[in-house]
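Notes follow once the structure below has been shown.
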Amino acid sequence: MAGRFFTAVFWGYLADRIGRRPVMVLGIVSVLVFNTLFGVSTSFTMALVTRFCLGSFNGMLGPVKAYASEICSDEHQALGVSVVGTTWGLGLIVGPALGGFLSQPAVKYPNVFHHGSLFARFPYLLQALVVSAIALLGLCMCFTLPETLHKHPKRNISAAEDKQPARKQSILKNWPFLASTTVYCLWSLHDIAYTEIFSLWAVSPRLQGGLSFTSSDVGEVLAISGFAMLVFQLTIFPAVANMLGPIFMTRISAILAIPILCIYPLMSKLENVWLWVVLLTASVLKFVLTTATMTGSFLLINNSVTQEQRGAANGLSLSVVSLFKALGPAGGGSVFAWAQKRQHAAFLPGDELVFFFLIFFAFLTVLATLRPFLPASTNKLQDEKAADQLA
């Protein structure tokens, strides 16, 4: 996260100069190199340095978001951008699970990996090699992708227009981009805080407003919710996004998340089947609405700049949101710990305070989607608006 914060803008800027595909290739190559080095780390310091270098040199997430917006036709914009978020989310689920199965193989699978073998000496090498093998497959596929930067031929312009030098507005002075990034940051903080709080709340005792769940119960809820979110995103979501537009979709999704969050503190009063029915319904809806809001913010950022600045814009937004994602777990955990000490408070006792914290940032996200803060121009790609004006 720290490495990405310092270099995401640079990689986005580079993607606007040399193209999206070269930056994606360099990012995958960095995974091959630094992930393998992480597997042979002999100290905590070496492991920390290799992870920092991996985050610093793997700057492909911003360019990939720009690429997804450019490679798809207008009616498939939402699907293309949502797939990026979906695969990223799946990676966050599959990655730790894969690491858990493949780490320390000499201890877990002594009949296959004998004591004194290379994998006994480097207990995290096997998982690193498997990830590197997946990255190698991705690298091969990357070479088959077309480049999207400047792929549209320039239209004929008059001699007078040709003499006028093209001036690019700095993205730091681009208010639609700054407003869209604000929406992205606020919801990202809300989302990562929710992820942190949900697990803590679910496993906490019922006497303290929790559900007394086991970690396996929490995993089942998250797995079912994640699967439902994936199905929604690949089937219903594109049509809904095209019908509503990114601004209204982002706004209405954040609004609908608020009453769902209000239900959570009441779940401790439910038991058995009713608890699972209500919890799974709320969790699935929350995942779906989170995905819609997050994807909507991606579309808003891509729509707020021209193609020549889309890589830098996504890189800058990714860099800024890294700070918010770092604050989210710390803030959510702190609020949760504070709430446990005020179970009998007159105002927002116990977990009511926790979910009020989440509702507050959801409400701020809603406000950030309203005019005049978020201009209506972010509802459509800048390139399409320019084409409409020239047509």
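If you wrap a convex hull around the alpha carbons of region 1-85, what volume per residue comes out, as a whole number of Å³? Present the calculation step by step, with values, prior to reporting the outcome.
Values: hull volume 7.5 nm³, N = 85.
Measuring per residue, one finds 88 Å³ for the Cα hull of region 1-85.
For region 14-78, what % of the accessible area comes from carbon and sulfur atoms, probe 1.4 Å?
That share works out to 73 percent.
Run the simple label-point estimate for Glu220 and Ala97 please: 7 Å along Cα→C-beta, distance reported in nm.
Inter-label distance under the simple model: 1.6 nm.
Using Cα centres only, tell me the gap between region 54-115 and region 284-346 in whole Å.
Rounded to whole Å, the Cα centres lie 19 Å apart.
Among the helices of the chain (complete DSSP H runs), which have Cα atoms covering no less than 18 Å along the helix axis and a Kyte-Doolittle mean of at least 0.0?
2-18, 20-39, 44-57, 77-102, 125-142, 175-203, 215-235, 246-263, 272-303, 307-340, 351-368
How high is the relative contact order of region 186-319? Use alpha-carbon pairs under 8 Å, at least six apart in sequence, and give a whole percent.
Relative contact order comes out at 28 percent.
Would you kindly calculate the translational diffusion coefficient of the chain, applying Stokes-Einstein with the Kirkwood radius from alpha carbon pairs, for 20 °C and a viscosity of 1.002 mPa s, and quote it in µm² s⁻¹ without decimals?
94
7 Å from Cα along Cα→Cβ at both His344 and Ser73: what's the point-to-point distance in nm?
Rounded to a tenth, the inter-label distance reads 6.6 nm.
Please go through the residue pairs Lys286/Lys325; Lys108/Lys286; Lys269/Lys341; Lys108/Lys341 and name each one whose alpha carbons sit more than 29 Å apart in this structure.
Pairs exceeding the cut-off: Lys108/Lys286; Lys108/Lys341.
What's the longest piece of the chain with no exposed trypsin sites (Lys or Arg not before Pro), counting a site as exposed if DSSP puts it in a loop and it has at most 15 other beta carbons within 10 Å?
Working: sites that count: Lys151, Lys154, Arg155, Arg167, Lys168, Lys341, Arg342.
Of all site-free stretches, the longest is 169-340.
Enter the accessible area of Ile28 (Å², nearest 10), with the probe set to 1.4 Å and all protein chains included.
20
Put Phe10, Phe38 in order of accessible area, largest first, 1.4 Å probe: what do you get?
Phe10, Phe38
In region 251-345, carbon and sulfur make up what percent of the accessible area (probe 1.4 Å)?
Here it works out to 73 percent.
Under a 1.4 angstrom probe, counting protein chains only, how are Met243, Met249 ranked by accessible area, largest first?
From most exposed to least exposed: Met243, Met249.
In nm, give the distance between the simple-model label positions of Ile263 and Thr36, each being 7 Å from the Cα along the Cα-to-Cβ direction.
5.0
With every protein chain left in place and a probe of 1.4 Å, what is the accessible surface of Cys72, to the nearest 10 Å²?
The accessible area of Cys72 comes to roughly 40 Å².
Give the Kirkwood hydrodynamic radius (Å, one decimal) of region 251-391, defined as one over the mean of 1/r across all pairs of different Cα atoms.
Result for region 251-391, one decimal place: 17.7 Å.
Could you sort Tyr109, Tyr67 by their accessible area in this structure, using a 1.4 Å probe and putting the largest first?
Numbers: Tyr109 85, Tyr67 20 Å².
Solvent-accessible surface, decreasing: Tyr109, Tyr67.
The values are calculated or read from the model by the stated rules, or taken from the named source; none is laboratory data. Remember, predicted model here, so these are calculated numbers, not experimental data. Heads up, the Cβs are rebuilt from the backbone with ideal geometry, glycines too, and the neighbour counts pull from every protein chain shown. We work out accessible area using only protein heavy atoms, side chains counted, and drop any ligands, DNA or RNA first. Shrake-Rupley method; radii C 1.70, N 1.55, O 1.52, S 1.80 Å.
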